[in-house]
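Colleague: Below you'll find the structure I mean.
Just so it is clear, none of the values below were taken in a lab; they were calculated from the coordinates. Everything quoted here is computed from the prediction, not taken from an experiment. For neighbour counting, all protein chains shown are included, and Cβ atoms are generated from backbone atoms with ideal geometry for every residue, glycine included.
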Amino acid sequence: MSQNPSPRLAHAVLLGHRINVRPLLQTPHLSGAPVAVEVSGGGLAVVLRFGVVVFFDVSPIGQTQFIDALRPYVSEPIDQGEFETLEFTVESGSELLHEGVLLLDNDELPTLQVVADVLAKSVVLDHHEHLVAATFDRVEPLAEQLSSGSHRIRQSRSLVAHIGEMLRVQHRMVGRAEIGEKPDIIWEHPDRERLFVRLEQEFEIRERRSALDRKLNLISTTAETLLDLVQAQRTLRVEWYIVILIVVEIGLTLYELFLH
């Protein structure tokens, strides 16, 4: 009786908001788009420019050493970044996720690069989902003040920061990670598209991206509305100061006319 092969491990780690991959292209590498290199001690690493490295069959020590060597090329590093682990096996004629284990038809480099792309995007989404959830917690009390009719919202600097952070999140997802788009490897190896589509569905990449977009839009709209209210409050206050000054000026003029 044949035994099923032991599961192998793919491990994706978010290191920062961007990785400069150019220095890696000056060293021996297996592929340049995305960058794939052999790891000392065994295994493979796929480095995505939007801040994620995905390891295949690399020991924990090998991962740590590789990450330490990669850190000088990481922009805006993230401490304790998101990570995701996926077990996989290679079985001829299989391309599906069964009981948490990914069954692959082969473990050729383009196949692993497709897996790395989806895992990396899932990790990036995890990070932004947590970031947006935290922003929701900060904006919600201000929205409650607005709904209760309170007109003492003065945190304009904080509101501008929220709007700016949401714009940055959208830029990272669309401009860098290109979440929701096919990776370049698919154009070079169209036979891997079916695997990409299945993995994208399994990890709900498009659904999570859409949900995140809706939350980002809601936060931005709320923050912009509150910021408009703050600015209106300031404008009204300035107008009252002007009215008071005019009244004082009129009072002084009348005083001089009638008493002198």
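Colleague: Applying 1/(1 + (r/R0)^6) with R0 = 30 Å to the Cβ-Cβ distance of N217 and K182, what FRET efficiency is obtained, to the nearest 0.05?
Modeller: 0.80
Colleague: Computed FRET efficiency, Cβ-Cβ of R71 and L9, R0 30 Å: what is it to the nearest 0.05?
Modeller: After rounding, the FRET efficiency stands at 0.85.
Colleague: Now a separate question. Using the Kirkwood radius over Cα pairs, work out the Stokes-Einstein diffusion coefficient for segment 8-105 at 4 °C and 1.567 mPa s, in µm²/s as a whole number.
Modeller: Value of D from the Cα-based Kirkwood radius: 92 µm²/s.
Colleague: Between I242 and A33, with labels modelled 7 Å along Cα→Cβ, what's the label distance in nm to one decimal, could you check?
Modeller: The two pseudo-label positions are separated by 5.8 nm.
Colleague: A further question follows. Among T64, T111, which comes first, then next, by fewest other beta-carbon atoms within 10 Å?
Modeller: T64, T111
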